[in-house]
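What follows draws every value from the coordinates through simple rules; no lab data is involved. This one's a predicted model, so the numbers in the text were calculated from it and none came from an experiment. Cβ: placed from backbone, ideal geometry, glycine included. Neighbour counts: every protein chain shown.
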Amino acid sequence: MRKNLFSAVTLGAAFFLFTAFTLVQDSPAQKLASVDVKGLDGKIINTSTFSNNGKPIVVSFWATWCAPCKKELNEIAEVYDVWQKETGVKVIAVSIDDSRNSPKVKPYVEQQEWTYEVYLDENQDFKRAMNVNNVPHTFVLNANNEVTWQTNVYNPNGGVEAIYTAVKAAAASTSAPAPQEK
Amino acid sequence: MKKLLFLIPVALTGFVNNVYAQLPSIGGGQIHGNFQFDAAYYNPDSLINAPAVPEKALSNGFGNIIYTNGKFMAGVRYEHYLNVMQGFPADYKGTGIPYRFATYNNDKLEITVGSSYDQFGSGLVYRSYEERGLGYDNALDGMRIRWNARPGLYIKGIWGKQRRFFTTSPGIVRGIDGEINLNEFFGHKMDSCKAQYIIGASFVSKYQQDQNPFLKLPQNVGCWGYRANIITARFNIFGEYAYKINDPALGNNYIYKPGTAALLQVTYAQKGLGISAAIKQIDNFGYRSDRDAAGVACIINYLPALTKQHTYQLAAFYPYATQPNGETGWQTEVGYKFKKGTKLGGKYGTSINLNYSAAYGLDTTQLHDEATGRLGYTTNNFALGKQYFQDVTLEIFKKFGPKFKGTFLYSFNTYNKNVIEGKIGYPLLQSHIVVFDLIFHLNDKLTFRTDLEHLYTKDDYGSWALALGELTIGENWFVSALDQYNYGNDIADHRIHYVNGQVGYYWGTNRIQVGYGKQRAGIFCVGGVCRFVPASNGFSMTITSSF
């Protein structure tokens, strides 16, 4: 009697979870999470306001103590003007440095002469909301702020070129919902 | 008849999903998450003092799952420690869901129930955060409210108990923080101001029952802070001062002296040049929600070290950890980029960074009043006590050609092992560290990085040499081999090669990494929090994935 009830409940629960999960799976591609971050000018802004007038965006999480992150962003800096001319892409570099190192973000950005939009995520709220585990973690967003591609490692063998391939793909896609990722 | 019982959940499913499908907002939700699995197999090795591990293999793991739907977000984190790996706090035992939350943002008022992380100002008064690599997690279990009351006015409130491994701390923490961006608050009236002015204040109070049979301890301990930030196009000046009333605790030997902390940071930045300077002084500023806790448990605030965070292994050999009972520290760093085409810049430009940081104990006078007032000591805030730490580092980065670039680092490190590690009888250790980090792009599919380091010291374990070779193959593979050799050890038997190899495979946002070899004992720091990792010999594995 108990065994039958147990199997019944398990089967039912599995069925429920399967259909519930399927319903959720039908939802559109991953959207950028809505979290408050701080600009280098001290102003607090919400990430839902990130926009690039319908052109692609690259959101890259980095830190001043993360050597591969800096290598990746410095490598992009060398070709950034070409990227912008060809696709109009905007790179947003989000620093996860905590209050120990966050004062050094602006001096580093200026030293390297980056022209990216840089924000501070000092208590890692945005990092958590985007399920970033380690840095570097780079997302490519299309015109609707939906994630079309992401990577969480700096690959010196064409990793930056791979980001640009994803940017061009995002630029070419229409504003129709992107297919389910993976 | 009994077989038809299974129809009940099916019917329920049909009903619920029908309702579910009719609620347009719920149907638009998304689920995302990330996982990490770590395991290590330990061989006992008496030569390097690698302890015998009765379980032979240990593992830590966690998984985050977050559901988002418009202004609503909810999530859980599952963690397991079966058993906890070497070097992590031993109080992590077993499995559970120590983190779960739900948040809703309702027109500028955001409410979170369950676990939350937050920070007031620079964290001197309150910071709850996680550092998974260290096993640090003081999430607040309670409620957290954030209110953007008017343009530029941000108010935060917290009320709860801090996470303590798989339970919560005995104390209750309550706090409020207000921050005003004066330019946004006063709007057009401040349009002509070229600078941004931001001021803030916070108050936190912790309650913990007094169960001490010998002393009458304050059950409510309040701590408040004031801060101001002025930002112009090139300058950024930030100052924060915090005061804590009497807080006798294990960490300060149960004295009734109030605590103070002050921090001042100034940075200047223009194209090609960045300068930062900071000075801080803390006096009796450990603040925990369990006064009898030690290690990483139940810490309410965050006292960052003002030292350079080194990433090269031998440069990070003797790292500084903030001394909450008292220290004065400062740091200054200058970064400059010689432009390409100039003599020093070369064809691609050259970056140079110079850093100086130091920490000293406070100049205190003991009162010897353990039996009377128990204030402990008095401080002369304008003098310095014992030297704790000093680091002078020069770092130069240069790209030599399209296929070759490198970093050179020199560091002179002074380290008070007695104070920083709680040991006795060591002299002030001094070491010179040199690092060459070279990257060769061999072809489209192969990159080779080599990291050659040398630490020279007459003290402690003597000198070390390190060689690391890392080959990145194609888009998915990397292989590395590392040898740390303690050639300068006074004891001939202890001149050991710590050889370790790693192989990693990654695709999309998945990564599998496996390693084998010896790992030296060392101090592993992230932020101002450090943990001691004992020596080990064996396999290690890490799997991470984010979806």
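Annotations
- Packing-based ranking, highest mean first, of B:50-61, B:364-375 given that Cβ atoms within 10 Å are counted: B:50-61, B:364-375
- Amide hydrogen proximity for B:Leu442: with H placed 1.01 Å from N in the peptide plane, the residues at 5 or more positions away or on another chain lying under 5 Å are B:Thr447, B:Phe448.
- The mean number of partner chain beta-carbon atoms within 10 angstrom of a residue's beta-carbon across peptide B:267-274 is 5.
- Which listed pairs, of B:Lys405/B:Lys518; A:Lys31/B:Lys445; A:Lys71/B:Lys339; A:Lys70/B:Lys337, have C-alpha distances above 22 Å, in listed order: B:Lys405/B:Lys518; A:Lys31/B:Lys445
- When each of the peptides B:108-118, B:129-139 is scored by how many other beta carbons lie within 10 Å of its residues on average, the order from highest to lowest is B:129-139, B:108-118.
- Shielding score for B:224-235, defined as the mean number of other chain Cβ atoms within 10 Å: 1
- Converting phi to 3J(HN,Hα) with the Karplus coefficients 6.51, -1.76 and 1.60 and the offset θ = phi - 60°, region B:252-268 yields 10, 6, 6, 9, 9, 5, x, x, 9, 8, 9, 9, 9, 10, 10, 10, 9 Hz in sequence order, with x at every glycine or proline.
- Cα-projected label distance for B:Asn476 with B:Arg234, points at 7 Å along beta-carbon direction, nm: 5.2
- Averaged over the residues of peptide B:28-41, the number of Cβ atoms from other protein chains lying within 10 Å of each residue's Cβ is 3.
- Gap separating the Cα centres of region B:86-123 and region B:356-370, nearest whole Å: 35
- Each residue of region B:359-367 was assigned a 3J(HN,Hα) from its phi angle through the Karplus curve 6.51 cos²θ - 1.76 cosθ + 1.60 (θ = phi - 60°); the sequence is 9, 10, x, 7, 8, 10, 10, 5, 9 Hz, with glycine and proline shown as x.
- Here's the list of lysines a cross-link from B:Lys458 could span, going by alpha-carbon distance under 19 Å and ignoring same-chain residues fewer than 8 apart: B:Lys417, B:Lys423.
- For region B:206-219, 3J(HN,Hα) per residue [Karplus equation, 6.51 cos²θ - 1.76 cosθ + 1.60, θ = phi - 60°, Hz, x = Gly/Pro]: 10, 10, 9, 4, 8, 10, 7, x, 9, 10, 8, 9, x, 7
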